[in-house]
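Reviewing the structure listed below.
Values quoted throughout were computed directly from the atomic coordinates according to the rules given, and no laboratory measurement underlies them. Note that the coordinates shown come from a computational prediction; the quantities given were computed from them, not determined experimentally. Note that we place each Cβ from the backbone using ideal geometry, even for glycine, and neighbour counts take in every protein chain shown.
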């Protein structure tokens, strides 16, 4: 699809025409709703600011013996208001997405969108790419087939502890991309970025992977960038061909990801990118619904994920 | 402190260092052994596939008799040759020749449209590509293990142990056919 810049530009133009013809009309009906919801949202923000200012004034004029608990109460109220405002904007975003996602995805082929689904905990645990976590906050989940290969991707946040408690800890915020590979393999191989170990994932190597061996490939630069562990040294090299590792080195920059890791298991690869930002955002309350910029960004993100299949040449049997 | 105790401590430290060097050398040697076994497993897949390919090729490829005979002969020789540390050079050479002849046979298939479209042949060719990919992966594993062992055999102090234990440098598993190493000229393929 995007093998050359010219091809990419042609594809963008096609999307622009498709957007003007099929999507803009569906969006028009949401403009009034957006204005109403925006008023609500602004109202909540003003009410929050007023309430918090009033509380601070009260505390300043009538200081209690327990200053700490007053601070906590204000904090809790601020968080409550934040969730209220966030829910208003999120609910509008979901309405817009529900309405236009089908026609949007039709442009790319056989794809479906599930707003409250995500990659399963079982899949994540099986990949061994993330340390301990007990909660998944799903945002968007897409699945479909591109160039004959199945692809699943999900933007989500993984955390430990209850969201409203002090022990809440965000473990991961980013994108999971699972791609079918045109190769048959069973043994598990994982790539972990060197700089990433022990920071977010609670990894301590190598006892996290007792059934795996460290793999050292012939590319010193790649060995410096990634720790590679595998159950089978030969299968690790079967999936990580020299051409593949050369392409994989550039993924981090292409996606502007903070960290990147991958797991190869059962004929598919799971690529995990920490980005600390929300992917596939549409329906921003503060922008007119027919604002093409937002759609353009969504389009670019979607295409970037699909382009992984070409970038890593996953359709090829040999991976060359 | 008693000089004897100091001497004992120093000797103890030296013994631990020497022992760890010895252990690492054995580990590296065993890793090469493991990689050799992996290569054997993958080469066996190639050897098992050849009769199927030859059975189909025999029916269609009248003009490639000598090539088919070469492949048969090389396969028989390869099957009878054990894989161990001492005959790796011969093994690599023989498998290189077999791979080269098989490659030529696969290219020749292009000249027989009936054979090219034969479903069994198409499947055999796909399996062949996959098997060769696995062999390439096993070869990379072997080369990586051999590189570590060869370094240990050459570098002091493990070189002392290596020579006393009869561990020698091993050859890398590289493409032996000069034709395969030579740069490819696209014209040879495009304007035939």
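The angle separating the long axis of helix A:5-18 from the principal Cα axis of greatest extent in chain A is about 40 degrees. Panel order for A:57, A:113, A:82, A:279, by other beta carbons found within 10 Å of each beta carbon, from fewest to most: A:57, A:82, A:113, A:279. Place a point 7 Å from Cα of residue A:150 in the direction of its Cβ. Which residues in region A:165-186 have their backbone N less than 18 Å from it? The answer is A:176-186.
Inter-chain neighbour count for B:130-137: the average number of beta-carbon atoms from partner chains within 10 Å of each residue's beta-carbon is 5. Helix B:3-60 and the long axis of chain B differ in direction by around 10°, with both axes built from C-alpha atoms.
Highest GNM mean-square fluctuation among A:304, A:48, A:262, for chain A modelled with Cα contacts below 10 Å: A:48. Each residue, residue A:83 and residue A:45, gets one label point 7 Å from its Cα in the Cβ direction; the gap between the two is 2.1 nm. Reported to the nearest whole Å, the Cα centre-to-centre distance from region A:11-50 to region A:257-320 is 23. Taking the fewest neighbouring Cβ atoms within 10 Å as the starting point, the ordered list for B:142, A:61 is A:61, B:142. As a proxy for reagent exposure, ranking B:132, A:213 by other Cβ atoms within 10 Å from fewest up yields A:213, B:132. Modelled spin labels at residue B:120 and residue B:58, positioned 7 Å past Cα toward Cβ, are 1.1 nm from each other. Counted residue by residue at 0.36 nm each, then reduced by the alpha carbon distance between them, the extension gain from residue A:163 to residue A:22 reaches 46.8 nm.
For chain B, modelled as a GNM whose springs connect Cα atoms under 10 angstrom apart, the maximal fluctuation among B:41, B:131, B:23 occurs at B:23. If R0 equals 35 Å, the separation of the Cβ atoms of residue B:6 and residue B:27 corresponds to a calculated FRET efficiency of about 0.65. Under the criterion of Cα pairs below 8 Å and six or more residues apart, the relative contact order for chain B equals 30 percent.
Here the simple spin-label model places points 7 Å from the Cα toward Cβ, and for residue A:182 and residue B:72 these points are separated by 3.5 nm. Here the extension length gained between residue A:211 and residue A:256 equals 13.0 nm, from 0.36 nm per residue of separation less the Cα-Cα distance.
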